[in-house]
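K.L.:
First the structure, which I've put down as structure tokens, then a few questions once you've had a look.
Derivation of every value follows stated rules applied to the coordinates shown; laboratory data play no part. Since we're looking at a predicted model, the values are computed, not measured. Cβ placement follows ideal geometry from the backbone for every residue including glycine, while neighbour counts extend to all protein chains displayed.
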Amino acid sequence: MINTPSKTDWREGRRHSAHEAIIDAAWSLVIEEGLAGLSLRDLAGRAGITAPTVYAYFDSKNAIYDAMFGRAATEFEVKMAEPYECDDPRELLVAIANRFSLFCTSSPTRYQLLFQRTLPGFEPSPESFAPAVRALAGVRELLVLNGITEERHCDIWTALIIGLVDQQISNDPGGDRWTRLIDESVNMFIAHCQPKRGSRKPGSRPARTKGIST
């Protein structure tokens, strides 16, 4: 017996196709004009539809940004979940930092949408943000494998890697002046964060001793 699609299925498929076509056009536009350059009129022209048709699928410009964020976050999750050719915890951390860097520098506009607050008033929905959260959870697991569990160290990691990526995109686009420092930076980070035998706990004070302190 052959199952034929119902009218509802056909309409949903057509709507999904139109939705994706608008997002394709939006990405094409912002790559040329920047995120702030997204104009609904220009978007409609790029997609080959009218502006009112855009509103039939998205009720606001932020809704379009949200759909764009969701696609970019999904791409991020898929890329970060690809298998690695090593299994040593330290090597894995270096590898994932380099993969993150390549993902970001390959599309600065996508990087800005995902990791910088460049759009006033825009916040991604929980649904669109979820893939990015899952991807970052995988990074957290690799930090734990390297004995790095303190929240402040996770914050240092984020600042370190994104800082290198941001410097690269801002000051040497297409080059490697900062991204080539990732391996060295990760090794320094691990050496700093891993617990050392006989070291005092953060915040503890040395015992008072008599005599003159220097």
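K.L.:
About its Cα centre, how strong a charge dipole does the range 11-59 have in debye, to the nearest 20, once Lys and Arg get +1 and Asp and Glu get -1 at the Cβ?
P.N.:
Magnitude of the dipole: close to 240 debye.
K.L.:
How many nm separate the modelled label positions at Tyr84 and Ala21, each set 7 Å beyond the Cα in the direction of the Cβ?
P.N.:
Here the answer is 4.2 nm between the modelled labels.
K.L.:
Would you mind ranking Met68, Met80 so that the residue whose beta carbon has the fewest other beta carbons within 10 Å leads the list?
P.N.:
The order, fewest Cβ neighbours first, is Met80, Met68.
K.L.:
What is the order of Ser128, Ser60, fewest Cβ neighbours within 10 Å to most?
P.N.:
Ser60, Ser128
K.L.:
Answer rounded, prolate or oblate for the range 11-59, using the Cα gyration tensor with square roots of eigenvalues a ≥ b ≥ c: rounded when a/c is under 1.5, else prolate when a/b is larger than b/c, else oblate.
P.N.:
It is prolate, given that a/c is not under 1.5 and a/b is the larger ratio.
K.L.:
Would you tally the net charge around Ile31, using a Cβ to Cβ cut-off of less than 15 Å, leaving Ile31 out, and scoring K and R as +1, D and E as -1?
P.N.:
Local net charge: -2.
K.L.:
Order these by the 10 Å Cβ neighbour count, fewest first: His153, His192, His19.
P.N.:
Listing His153, His192, His19 from fewest to most nearby Cβ atoms yields His192, His19, His153.
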